[in-house]
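Each reported figure results from applying straightforward, stated rules to the coordinates on display, with no laboratory input. Since the model is a prediction, treat every value here as computed from it, not as a measurement. Every residue, glycine among them, receives a Cβ derived from its backbone with ideal geometry; neighbour counts consider all protein chains shown.
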Amino acid sequence: GYPSFVAHQNIKIQVPELGGVSASIAYGGMWYVIVDSEKLKLDLVPENGKKIVRLGEMIKVACREQWPVEHPEFDYPGPDILVFTAKPKNPKNSARNA
């Protein structure tokens, strides 16, 4: 396989309804946009499922337009996945994501 790496760290993406969103873009088998949900005041709970999906798609599309990436070794443009991260609610866990 190919190694994982960070393409862009702490970038700003302009997103309708949200304004500037901080994110990072990394490759780990797929291109990921990584966003701290707490900075958006978005709680990663099942009740917010529709909102998580809607905002995630908006951020991913804006990121793809403003910060396109291409794998250096083969034809694979991105990003194509968005992950929201958050601190764990249970101290036995290291993080939460959606």
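Brief remarks on what is shown
- Summed residue charge, Cβ within 12 Å of C63's Cβ, Lys/Arg positive, Asp/Glu negative: 0
- Counting only DSSP beta bridges with both residues in the chain, the antiparallel share comes to about 75 percent.
- Extension reserve of the K39-E73 stretch, reckoned as 0.36 nm per residue once the Cα distance is removed: 8.9 nm
- Exposed-site-free run, longest, the chain (rule: GluC sites (Glu not before Pro); DSSP loop; at most 12 other C-beta within 10 Å): 18-72
- Note on the chain: Cα-Cα pairs beyond 24 Å make up 23% of the total pair count.
- The longest part of the chain holding none of the exposed loop trypsin sites (Lys or Arg not before Pro), meaning those outside H, G, I, E and B in DSSP with at most 15 other Cβ atoms within 10 Å, is 42-88.
- The chain, relative contact order [Cα under 8 Å, separation at least 6], %: 26
- Close lysine pairs were tallied over the chain: pairs 8 or more places apart or on different chains with Cα atoms under 26 Å apart number 26.
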